[in-house]
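**Student:** Structure provided below as structure tokens; questions to follow.
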Amino acid sequence: MKKILLLLVLVGNIAFAQKLTKEQLSEKLAEKACGCAEKQEITKENFELTIGICLLEGINAFEKDVEKHYGKDVISNDKKMEELGYDVGKKMGSKCPTIFKFMLDDEEEVAPDESEELSVSGKVSEIKTEQFITFVVKEATGKTNQFILLSNFDNAFLLTDKVLKATDEVDVTYYEMELYDAKLGKFVSYKIVTDIIKK
């Protein structure tokens, strides 16, 4: 009886594994990659290798679905592997933000000159502390700007230690970056703060 049940479970899993949509597959691969990566001690040096190994684990676990949506030679085909990595990377942002932050830090280090530094002055009108700290600055013209704190810098303590209050006058330096918003299901341009000076 146990053998029959086990056989039914295995057959059920195999049948299910071949019926995932591309969207469901990238969700499953992201879950697998996140689960695997979170068990490792990740450094900037081993980050790419670790993510690569974790992604391969997922590809092996969902081999039939990967073949269906990306082709049989996905591992040896750079273009297909890049497409798969992009699809999975989008999902990883909401599933394991700590690993996703490593990706962002990596991108910031590789291409700091590509992101143009911008600045704005105004009055803080709102500060929200959720998964990430976000805050709104209202300029003298009435225009509002929403910022997100993603990485550390000298004056980050103004936000992390709740020194900054609504109505404080500030100068904010930032750059714009597209991040995947899982709730909206699309990439959204965010203003990432790199420095903040309280007047």
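**Student:** Can you work out ³J(HN,Hα) from phi for every residue in region 58-64, in order, using Karplus 6.51 cos²θ - 1.76 cosθ + 1.60 and θ = phi - 60°, giving whole Hz and x for Gly and Pro?
**Tutor:** The phi angles translate into x, 4, 5, 5, 10, 3, 5 Hz.
**Student:** At Ala61 and Lys183, where each label point lies 7 Å from the Cα along Cα→Cβ, what is the point-to-point distance in nanometres?
**Tutor:** 2.8 nm
**Student:** Taking the Cα centre of region 23-91 as origin and charging only Cβ (+1 Lys, Arg; -1 Asp, Glu), how large is the dipole, in debye to the nearest 20?
**Tutor:** 120 debye
**Student:** Starting from the Cα-Cα distance between Glu130 and Ile75, subtract it from 0.36 nm times their residue separation and give me the gain in nm to one decimal.
**Tutor:** Result: 16.0 nm gained on full extension.
**Student:** Take the alpha-carbon centre of region 131-161, take the same for region 173-199, and report the distance between them in whole Å.
**Tutor:** 10 Å
**Student:** For Ser151, Ser26, give me the order by solvent-accessible area with a 1.4 Å probe, most accessible first, ignoring ligands, DNA and RNA.
**Tutor:** Listed by decreasing accessible area, they come as Ser151, Ser26.
**Student:** What length, rounded to one decimal in nm, is gained on full extension from Phe153 through to Glu45, with 0.36 nm per residue of separation minus their alpha-carbon distance?
**Tutor:** Gain on extension, Phe153 to Glu45, equals 36.7 nm.
**Student:** Could you tell me the accessible area of Ile75 in Å² (1.4 Å probe, neighbours in place), rounded to the nearest ten?
**Tutor:** Solvent-accessible area, nearest 10 Å²: 100 Å².
**Student:** Run the numbers for Lys162 and Lys19: contour at 0.36 nm per residue of separation, minus the present Cα-Cα distance, in nm.
**Tutor:** Result for the pair: 46.6 nm of gain on full extension.
**Student:** Provide Leu118, Leu49 ordered by accessible surface of protein heavy atoms (probe 1.4 Å), highest first.
**Tutor:** Largest accessible area first, the residues go Leu49, Leu118.
**Student:** Report, in listed order, any pair from Lys32/Lys165; Lys143/Lys186; Lys44/Lys165; Lys19/Lys186; Lys68/Lys128; Lys32/Lys72 with a Cα-Cα distance greater than 31 Å.
**Tutor:** Among Lys32/Lys165; Lys143/Lys186; Lys44/Lys165; Lys19/Lys186; Lys68/Lys128; Lys32/Lys72, the Cα-Cα distance tops 31 Å for Lys32/Lys165; Lys44/Lys165; Lys68/Lys128.
**Student:** To continue, here is another question. Keeping every protein chain in place, order Asp181, Asp73 by accessible area at 1.4 Å, biggest value first, i.e. largest first.
**Tutor:** Largest accessible area first, the residues go Asp73, Asp181.
The values are calculated or read from the model by the stated rules, or taken from the named source; none is laboratory data. These figures come from a predicted structure and were not determined experimentally. FYI the Cβ positions are ideal-geometry reconstructions off the backbone, even for glycines, and counts take in every protein chain you see. Side chains included, ligands, DNA and RNA excluded: accessible areas come from the protein's heavy atoms. Shrake-Rupley method; radii C 1.70, N 1.55, O 1.52, S 1.80 Å.
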